[in-house]
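Student: First, the structure itself, so that you have it in front of you.
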Amino acid sequence: FEIIAADLQPYSSLETFDLSFNSISEVTTSSFPIIHLNNNRVTFMELGCFDNLSRTLLVLKLNRNRITVIQPKTFRLPQLQYLELKRNRIRVIESLTFQGLDSLKSLKLKRNGICELKDGAFWGLNEIEELDLEDNNLTEVTKGWLYGLKLLQRLHLSQNAVARIRTGAWEFCQKLSELDLTYNQLTRLDESTFLGLNLLESLYLGDNRVSYIADRVFTGLSNLLTLDLRNNEISWAIEDSNGAFSGLEKLNKLILQGSKITSITRRAFTGLEALEYLDLSNNSIMSVQANAFTQMKLKELLNTSSLLCDCQLRWLPQWLLSTRFEHQVHASCGHPAWLTGRSIFSVAADNFICDDFPKPQITVQPKTMVALRGRNVSFTCSAGSSSDSPMATVWRKDSEVLYDAEIQNYSRVRGPDGEFVEHTTVLQIHSVNFTDEGRYQCVVTNYFGSNYSNKAKLTVNELPSFLKTPMDLTIRTGAMARLECAAEGHPVPQIAWQKDGGTDFPAARERRMHVMPEDDVFFIAKVKSEDMGMYSCTAQNAAGTISANATLTILETPSFMRPLENRTVAKGETAVLQCIAGGSPPPRLNWTKDDGPLAVTDRHFFVAGNQLLIIVDAGPGDVGKYTCVMSNTLGTARGHIYLNVVLASNCNPLQKSFEEDGWTTIGIVIIVVVVCVVGTSLVWVIVIYHMRRKSEEYRMTSTGQDTSHTYTANLYIAISYKQPWAIVGQNTGRNSLHLMNSTMGSLSFS
């Protein structure tokens, strides 16, 4: 069938032209000034086909056609307010498909088989308030295809295959007041599922497969008035939750029909102070804890014929009577047998007794555990019941049922007369990994209801292992030292550094140390000789500790730690020439005399690594320029000391007799004491004990002879320039000496 535009020219004042139920197969740019095209065979719409109607058309219905593709910008109808494309064959809606519909209020795309909505599919619908996508094949809700719907108030997604609502999905449509997600495949409501829907008033989630509701999932829905959760698997939200509906301060109507609820805890409806209508129909409710409904302003309540009329239910008929619910509630006993079928209002208070416990009672709780990755763990849970009703168990992890878990169950009869049945369930987890971490709980159920164990936490740890280890490093003074260290483990290990087994870093005190956790790098700026040592990187977590070492070597050119000083000694005395060297590696020291080799005799002593040149019994031949040459791999340094030997100014009257008798050398004792002072260089104490006999007297007595000897000790000290020692006293004849140092104390020699 073909429509010719010329045939329509006489109808210049036409307002409505209904061509429904025809066989029209094509629409061209010149076909219609005004159009209704329901129930035709339209498969394609040419670009601009509705341009002639752009100024006047308000409603356009293209329902029940064969449209498969809508080209972007097909609808350039700025005045159009209602567009229906229901029951076509559209599978994919591309970006910008509806651009040009600036005034559109309502768009209905029901029953098209839509399986994909591209990002920006509805961009340009700046005034839209209602979007109907019911009965399609959408699998998820994302912010990409909702982009631009800033005024959208009603979104209908019922009867799709939505299994996931991505985080941030509602970012661009935060004015939603009604959201229908019934008859989909949602299994969980995560904490971020409804984030951003602060103005939502009606939320329909019935007939999904929801078995997990995160804590605080409804916290942001402070304006919600109606919540429909019928025919889901959320019995635990009522039976084992403390405030699953917290945050719904204004909620007026809650539908929990057919949710397999068997018991209601005292805190099940915490936070629902404004609730008036609570639908608990089609639930086999057997027990209601005391005061479970007292905080609400209910006008409608429950109907059940399965109540466990024991002592815990004694409060309910009294409360219902006091709140005048007795004519609206139909509640009768299902146990014990002698009360079965009787209304709870006809049972005397004394007959609500607890002489058995048909509902399972947890007797052994699963225990919190910490395990190393790869180990096997097991959780054990036991429950008892006085009923012969078979008990079944399931395990949950983080409130989600473990369907494929390895579980062992066994029961045994206990009690003198076998009146008590104990059921034990064991959950086995082999080779645990980090994904196994969580809170595990067993649920034991029989005909009379369910009971929930405590939640046992499983923590999986892994010993730290190094990803990067510090390497030995040799650098010059003044450079930047860079040591790397990184480790992995579970929980994430903490990295710490030590120097020479301690935490006292010279670089830290001087603010030259920098740690970059993001880059796993440890820096020491402008290194000094005192930074040299062994650095240890330690990685520690709850599973254990590991460490790796690296040696930092500082290279330093040779230098004189103390200025060289010229020496003048009396003839026959001992001369000590000091050349205290610094540098890294420690420099080698050599001595020369008068720019030539030093002729070493038995009067020359080299101690402390050649840093001290000691000349005993100095004479005129020892006068001259002594050069200290020190060198390492970085360079060489030279210093000069001039030694002068003079005649003694005060002559000893016994000197001649001494020379005639000759020198008697009693001994030369060299004591080298090496003391390591923290933060300073080595301390050398060299004692040259040169004793000369000054006199010898022979005293004859009638019983024999007695000889007394008197000696003079000369003491020479070579020490660190930072820790000077002082001679406090010298005793002649007693061979004793006392030294004092301001830092280390004192030393005595005798």
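The values are calculated or read from the model by the stated rules, or taken from the named source; none is laboratory data. These figures come from a predicted structure and were not determined experimentally. Because the Cβ atoms are built from the backbone with ideal geometry, glycine has one as well, and the counts that use them run over all protein chains shown.
Student: Do we have any residue at all in the stretch 409-426 that's part of a strand (DSSP E or B), at positive phi, surrounded by 20 or more Cβ atoms within 10 Å (Cβ to Cβ) and in contact with a Ser or Thr (Cβ under 9 Å, 6 or more places away or on another chain)?
Tutor: no
Student: Next question. Kindly check whether there is at least one residue in the stretch 402-418 that is touching a Lys or Arg at 6+ places or on another chain (Cβ under 6 Å) and either of a type in the set (D, E, K, R) or over 30 Å from ILE429 (Cβ atoms) (or both).
Tutor: no
Student: A further question follows. Scan the stretch 514-548 residue by residue and report those that are assigned to a strand (DSSP E or B) and out of contact with any Asp or Glu (no Cβ under 9 Å at 6 or more places or on another chain).
Tutor: Once the filter is applied, which keeps residues that are assigned to a strand (DSSP E or B) and out of contact with any Asp or Glu (no Cβ under 9 Å at 6 or more places or on another chain), the stretch 514-548 yields HIS514, VAL515, MET516, PHE523, THR538, GLN540, GLY544, THR545, ILE546, SER547, ALA548.
Condition check ((1) part of a loop (DSSP other than H, G, I, E, B); (2) polar (S, T, N, Q); (3) on the phi > 0 side of the Ramachandran plot) across all residues:
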residue: LEU176; (1), (2), (3): yes, no, no
residue: LEU179; (1), (2), (3): no, no, no
residue: LEU186; (1), (2), (3): yes, no, no
residue: SER192; (1), (2), (3): yes, yes, no
residue: ASN198; (1), (2), (3): yes, yes, no
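Student: Residues that are modelled with pLDDT of 85 or more and either surrounded by 15 or more Cβ atoms within 10 Å (Cβ to Cβ) or in a loop (DSSP other than H, G, I, E, B) (or both): does the stretch 26-39 have at least one?
Tutor: yes
Student: Taking the stretch 622-649 only, how many residues are at pLDDT 90 or above and not in a strand (DSSP E or B)?
Tutor: 2
Student: Moving on to the next point. Quickly run through the stretch 187-205 and pick out the residues that are surrounded by fewer than 19 Cβ atoms within 10 Å (Cβ to Cβ) and out of contact with any Gly (no Cβ under 7 Å at 6 or more places or on another chain).
Tutor: THR187, ARG188, ASP190, GLU191, SER192, GLY196, LEU199, GLU201, SER202
Student: Now, a different point. Return the residue satisfying two criteria in turn: it lies in the stretch 157-167 and is in contact with a strand residue (DSSP E or B) (Cβ under 7 Å, 6 or more places away or on another chain) and surrounded by 21 or more Cβ atoms within 10 Å (Cβ to Cβ), and of such residues it is nearest to ASP102 (Cα to Cα).
Tutor: Here the residue is LEU157.
Student: Related question: Quick check on the stretch 628-644. Is at least one of its residues more than 26 Å from SER529 (Cα to Cα) and either among the acidic types (Asp, Glu) or exposed (fewer than 13 other Cβ atoms within 10 Å of the Cβ) (or both)?
Tutor: For the stretch 628-644, residues more than 26 Å from SER529 (Cα to Cα) and either among the acidic types (Asp, Glu) or exposed (fewer than 13 other Cβ atoms within 10 Å of the Cβ) (or both): absent.
Student: Note down all Cβ pairs under 7 Å where the first residue falls in the stretch 53-69 and is on the phi > 0 side of the Ramachandran plot, the second is of a type in the set (S, T, N, Q), and they're at least six residues apart or on different chains.
Tutor: Filtered contacts from the stretch 53-69: ARG64/ASN38; ARG64/ASN39.
Student: Still on this structure, I have one more. Would you pick out the residues in the stretch 240-279 that are over 35 Å from the mean Cα position of the chain (by Cα), among the small types (Gly, Ala, Ser) and either buried (at least 23 other Cβ atoms within 10 Å of the Cβ) or closer than 18 Å to SER211 by Cβ (or both)?
Tutor: If the condition is that a residue be over 35 Å from the mean Cα position of the chain (by Cα), among the small types (Gly, Ala, Ser) and either buried (at least 23 other Cβ atoms within 10 Å of the Cβ) or closer than 18 Å to SER211 by Cβ (or both), then GLY258, SER259, SER263 are the ones that fit.
Student: If I ask for residues that are modelled with pLDDT under 95 and part of a strand (DSSP E or B), which ones from the stretch 445-458 would you list?
Tutor: Across the stretch 445-458, the qualifying residues are THR445, ASN446, GLY449, SER450, ASN451, TYR452.
Yes/no per residue for (1) aliphatic (A, V, I, L, M); (2) touching a residue at least 40 places away in the same chain (Cβ under 8 Å); (3) under 24 Å from ILE24 (Cβ atoms):
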position	(1), (2), (3)
LEU77	yes, no, yes
LEU96	yes, no, no
GLN99	no, no, no
ASN112	no, no, yes
CYS115	no, no, no
GLU129	no, no, no
LEU133	yes, no, no
